[in-house]
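What follows is a single structure, written as structure tokens, with notes after it.
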Ligand SMILES: [Cu+2]
């Protein structure tokens, strides 16, 4: 290399080196590593993040049976409202066969218990926090009043945790932030969340959303499913009962003693937020879990199945395909998106799924010989992370489930001409608190700042621009994807979405009507590490 070769910022290398020597400390190191991290990301766009390597022996693929999360029973049903109770607590969970993994859970299980609800029938959930840190619960995809939306400073404080006015015990990070949010509404030990569920039937999920600590808290196990149904969807006759399978995909890594590995700067998650330097782009695990089991297998009839897929990973993207012995691929017939049924089915050979996205897919196993294995693989994975789960076709069976040509006629058709405003919002790496950050329009999240204010009922177009992969999620509303990179949306952008996966150096336009409720909401990147490092902003509906 020439002595004065230019670096990416256009400065001569020699200057950079001298500066590093002169300062001799962490600032220059941070600048250099931040640059290296973003350079590495742009060279390998599909892998937003760095992978942890497990230190415990891992089981072979497709041996562990696919678990199905337990469905929670209401504790009371009165006045047309179903009431549930969930205790957030530490528990040892068997994820790898014969290995006990200490986790943070909803009700002692991972994934947390599934809530099954009906459109328009309100659900009230009392969460009790027996964890050692504050929590906030967000129902992702829920059309929820602001006070129950799990705003990141609306915390449920555990027993013995000091009020926000004082810093966290032994810490200096989180307490300091909540102090600056005069609108935070904290409760102690329990909190009642109310979900009207006046929305299209869809696969939603609930997860922790505490400011600065969402990534590690979800990684430790604070995630569960919530399915909304209605009569119209059931009347379609899509595969149901044992032929409808929720699939929560999430990667994790394990330490030598069977615990979950995560590169937190403060493993107690009580003080300083953030992750170690190589993981600033996102934390990836080398074990792919589906419903909490590593590379599971599920016995199926030779019939159609409805797979309700959620990518609950912090940062890992998947490009899923279903491969039969011999290499033939089965069609993935998409019937629904994040926010419910499509207008008509869309057939894919492979399906990219970013963190927090959901796809509702029908797969037909009827042509697979009995005994045959259908592997669901991630085309972007390598080595062991290429495998996700498998289906073993166990028997021939009758199947009268149709995939109707028309699935729904209630999809919003907002037009550009209806928009009262077009906003442009950038999602890029930058500097934050003297270190690496992920920023929206150049700013890290500040709960006290007003970022975007919309009028209730207004239609807006948002043009979202990315540097690397950013799955952008809006609370409260579903949206349509209008365009990608100046061209038409991709086939998997169909339907009503609440998370759009921006690809490197790509822009996308979305359109929505901000209706439902007034109040303070959020939009953010759903790469959980990006979110914790600033990539979140306030959405005020007035
Ligand atoms: Cu991001």
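Nothing in this text is a laboratory measurement; each read-out follows from the coordinates by a stated rule. Remember, predicted model here, so these are calculated numbers, not experimental data. Note: ideal-geometry Cβ built from the backbone for every residue, glycine included; neighbour counts use all protein chains shown.
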Output ordering of 462-469, 271-278 (per-residue mean of other Cβ within 10 Å, highest first) is 462-469, 271-278
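Suppose R0 equals 56 Å; then what is the FRET efficiency for residue 235 and residue 128 from their Cβ-Cβ distance, rounded to the nearest 0.05?
Numbers: r = 38 Å, r/R0 = 0.67.
Approximately 0.90, to the nearest 0.05.
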Computed over the chain, the distribution of all Cα-Cα distances in 10 Å bins, rounded to whole %, is 4, 18, 30, 28, 15, 5, 1, 0
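Starting with the highest mean, order 114-123, 304-313, 62-71 by the number of other Cβ atoms within 10 Å, averaged over the residues of each peptide. Could the numbers behind the result be given before it?
On the way: 114-123: 17.9, 304-313: 23.6, 62-71: 15.9.
Packing order, densest peptide first, comes out as 304-313, 114-123, 62-71.
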Two pseudo-spin positions, 7 Å from Cα along C-beta at residue 449 and at residue 87, lie apart in nanometres by 4.1 nm
When 56, 287 are arranged by how many other beta-carbons sit within 10 Å of their Cβ, fewest first, they go 56, 287
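Out of the DSSP beta bridges found with both residues in region 241-396, what percent are antiparallel (nearest 5)? Don't jump to the answer; show the numbers that get you there.
Values: 38 of 50 bridges.
Taking every DSSP beta bridge within region 241-396, about 75 percent pair in antiparallel fashion.
How much of the pair distance distribution for region 78-230 lies past 29 Å, counting alpha-carbon pairs only, in percent?
Details: 2119 of 11628 pairs.
Above the 29 Å cut-off, region 78-230 has 18 percent of its Cα pairs.
As a check on your grasp of the helix formula, calculate [θ] at 222 nm for the chain: sum -39500 (n - 2.57) over DSSP H runs of n ≥ 4, divide by the residue count, round to the nearest 500.
Numbers: 6 runs with 51 residues, N = 542.
Calculated at 222 nm, the ellipticity per residue is -2500 deg cm²/dmol.
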Of 228-236, 141-149, ordering from highest average Cβ density within 10 Å down gives 141-149, 228-236
hull vol. (C-alpha, convex hull) per residue for region 241-396, Å³ -> 142 Å³
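Report for region 78-230 the percent antiparallel among DSSP-assigned beta bridges with both residues inside it, nearest 5.
Values: 25 of 39 bridges.
Antiparallel bridges: around 65 percent, rounded to the nearest 5.
For region 447-542, what is the percent of antiparallel DSSP beta bridges, rounded to the nearest 5? Please report the intermediate quantities before stating the final value.
Values: 26 of 29 bridges.
So the antiparallel bridges amount to about 90 percent of the total.
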Output row, site residue 542, 7 Å Cα→C-beta label point, backbone N cut-off 15 Å, window region 510-527, residues 518-521
Pseudo-spin-label distance residue 433 to residue 71, built 7 Å along Cα→Cβ, given in nm, is 4.2 nm
